[in-house]
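Peer 1: Sharing a structure below in structure tokens format, with a few things to ask.
The values are calculated or read from the model by the stated rules, or taken from the named source; none is laboratory data. In this text the structure is predicted, and so the values were computed from the model without any measurement. Cβ sites come from the backbone with ideal geometry, for glycine too, and all protein chains shown count toward neighbours. Protein only, heavy atoms only, side chains kept; ligands, DNA and RNA dropped before computing areas. Shrake-Rupley method; radii C 1.70, N 1.55, O 1.52, S 1.80 Å.
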Amino acid sequence: MNDYYEILGVARQASQEEIKKAYRKLARKLHPDVAGPDAQDQFKDVTRAYEVLSNPEKRQMYDLGGEQAFGAGGAGAGFGFQDIFETFFGAAAGGAARGPVPRGRRGQDALVRLDIDLHEAVFGTTRELQVDTAVVCPTCNGTCCRPGTHPETCAVCHGRGSVQRVTRSFLGQVMSTSACTACQGHGTIIPDPCQDCSGEGRVRTRRSLRVEVPAGVDSGTRIRMAGQGEVGPGGGPAGDLYVEIREKPHPAFVRRGDDLHCTMAIPMTSAALGTVLELDTLDGVREIDVEPGTQPEQVITLRDLGVGHLNRAGRGDLHVHLDVQTPTRLDDRQRELLAELAALRGEEQPEPRLAASGSGVFSKLRDKLSGR
Ligand SMILES: [Zn+2]
Ligand SMILES: [Zn+2]
């Protein structure tokens, strides 16, 4: 298929010196800067053949297995091609970009943090932010030139952004192309840079920005504001600004996903007799029906009073954990009444009863461990 020896025009027993000599001769003839782009494929074939045969290990592998020994790459896309190219012709050859490079480059993204409280996370909010970023220089409008002046065509490369040089290598004289150092490849120079931005085309400034915080954001949520990041060098397009949310803890409500949890203490008598409690939720005061016979740590769920779902309709729930409190200090009259109640209920000397493992203290313990 591709006989590397044939490509280089050498015998199978050729010495390293002969291989090198043959390649040198062919490369001089076929180099793209000499023979033009038409010879490029042939030049790559030759270079690949040389790359394999000049390396004793690879040559041995090739002799044993042919080109298949190196995978299905085939001629042209040879591994190490760029390396060997650069070894012979310098890093700037071959891969060097032709044509002037634009002065403006895209700026970097920026990140700012925003502290919000639970109420803002639940309902969303609009906030005013102070950000320090690079913006387009208002004096030169990003052109980098002092007002009234203009960029001038680079006298060294005549606006091409690159220069051709004749370099001497062991292949003889070779033309190579590299970026113009006088204009850094831009093709133009700025004779009179803008004073306000030192010819950067951008200046740092503090500005105020409105950010829409949607309902449902949480600590770590990032809001992307396209084009509000850093303006690039040379007045290049701005990157994006990311606003990272940090939610401050609430004194009463704990957030788990989009649900909220709180604990309300109620006296034992209210739990037994039932009552109506008023709870100050994030949506205002709500009445909570405590049924007669409510058990310790019973949970009452108020639908749709939690955090708004991010990017979709609906809200989480608010779970009210009831904490039934047993009175600790009784006066004589109270003790008398409770004793009378106990007598009426036959509870003066209660029988020890084991509760099922799915209820009572065990399930409470399990809930605690699972972080309810
Ligand atoms: Zn300027
Ligand atoms: Zn130049």
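Peer 1: Is it the case that the stretch 126-137 has a residue that's away from ligand 2 (no atom under 16 Å from the Cβ), modelled with pLDDT of 95 or more and in contact with a Phe, Trp or Tyr (Cβ under 7 Å, 6 or more places away or on another chain)?
Peer 2: no
Peer 1: For the stretch 190-231, which positions are within 16 Å of ligand 1 (Cβ to nearest atom), open to solvent by 40 Å² or more (accessible area, probe 1.4 Å) and not charged (D, E, K, R)?
Peer 2: Pro191, Pro193, Gln195, Ser198, Thr205
Peer 1: With respect to Ser162, is the statement that it is more than 16 Å from ligand 1 (Cβ to nearest atom), over 39 Å from the mean Cα position of the chain (by Cα) and surrounded by 14 or more Cβ atoms within 10 Å (Cβ to Cβ) true?
Peer 2: Against the criterion (more than 16 Å from ligand 1 (Cβ to nearest atom), over 39 Å from the mean Cα position of the chain (by Cα) and surrounded by 14 or more Cβ atoms within 10 Å (Cβ to Cβ)), Ser162 does not qualify.
Peer 1: When the stretch 34-72 is examined, which residues are found to be part of a loop (DSSP other than H, G, I, E, B) and modelled with pLDDT of 85 or more?
Peer 2: Ser54, Asn55
Peer 1: Another question, then. With respect to Ser178, determine if the residue is open to solvent by less than 60 Å² (accessible area, probe 1.4 Å) and hydroxyl-bearing (Ser, Thr, Tyr).
Peer 2: yes
Peer 1: Just one of (1) within 16 Å of ligand 1 (Cβ to nearest atom); (2) without any contact (Cβ under 8 Å) to a residue 40 or more places away in the chain; (3) polar (S, T, N, Q) trips up Thr181, so point out which.
Peer 2: (1)
Peer 1: Hey, could you check the stretch 141-154 for residues that are assigned to a loop (DSSP other than H, G, I, E, B) and open to solvent by 90 Å² or more (accessible area, probe 1.4 Å) and say which is nearest to Gly232 (Cα to Cα)?
Peer 2: If we take residues in the stretch 141-154 being assigned to a loop (DSSP other than H, G, I, E, B) and open to solvent by 90 Å² or more (accessible area, probe 1.4 Å), then Asn141 is nearest to Gly232 (Cα to Cα).
One line per residue, one yes/no per condition, for (1) modelled with pLDDT of 95 or more; (2) away from ligand 2 (no atom under 16 Å from the Cβ); (3) of a type in the set (Phe, Trp, Tyr):
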residue: Ile116; (1), (2), (3): yes, yes, no
residue: Ala121; (1), (2), (3): yes, yes, no
residue: Thr143; (1), (2), (3): no, yes, no
residue: Pro151; (1), (2), (3): no, no, no
residue: Gly161; (1), (2), (3): no, no, no
residue: Ser169; (1), (2), (3): no, yes, no
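Peer 1: Would you check which residues across the stretch 318-349 are in contact (Cβ under 8 Å) with a residue 24 or more places away in the chain, open to solvent by less than 80 Å² (accessible area, probe 1.4 Å) and part of a loop (DSSP other than H, G, I, E, B) and list them?
Peer 2: Pro327, the sole residue that qualifies.
Peer 1: Still on this model: Is it true that some residue in the stretch 293-307 is free of Cβ contacts under 8 Å to residues at least 12 places away in the same chain, open to solvent by 50 Å² or more (accessible area, probe 1.4 Å) and either part of a loop (DSSP other than H, G, I, E, B) or not aliphatic (A, V, I, L, M) (or both)?
Peer 2: no
This table checks each residue for (1) free of Cβ contacts under 8 Å to residues at least 40 places away in the same chain; (2) within 16 Å of ligand 2 (Cβ to nearest atom); (3) outside any strand (DSSP E or B); (4) within 25 Å of Val136 (Cα to Cα).
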{"site": "Val156", "(1), (2), (3), (4)": "yes, yes, yes, no"}
{"site": "Val166", "(1), (2), (3), (4)": "yes, no, no, no"}
{"site": "Ser208", "(1), (2), (3), (4)": "no, no, no, yes"}
{"site": "Ala215", "(1), (2), (3), (4)": "no, no, yes, no"}
{"site": "Ser219", "(1), (2), (3), (4)": "yes, no, yes, no"}
{"site": "Pro237", "(1), (2), (3), (4)": "no, no, yes, yes"}
{"site": "Tyr242", "(1), (2), (3), (4)": "no, no, no, yes"}
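Peer 1: Against the conditions (1) assigned to a helix (DSSP H, G or I); (2) more than 29 Å from Gln334 (Cα to Cα), where does Ser270 fall short? Just the number, please.
Peer 2: Answer for Ser270: the failing condition is (2).
Peer 1: Could you tell me whether Arg255 is closer than 30 Å to Val324 by Cβ and charged (D, E, K, R)?
Peer 2: When the stated conditions are applied, Arg255 passes them.
Peer 1: Out of all the residues in the stretch 143-154, is one or more farther than 20 Å from Gly107 by Cα, among the hydrophobic types (A, V, I, L, M, F, W, C) and more than 16 Å from ligand 1 (Cβ to nearest atom)?
Peer 2: yes
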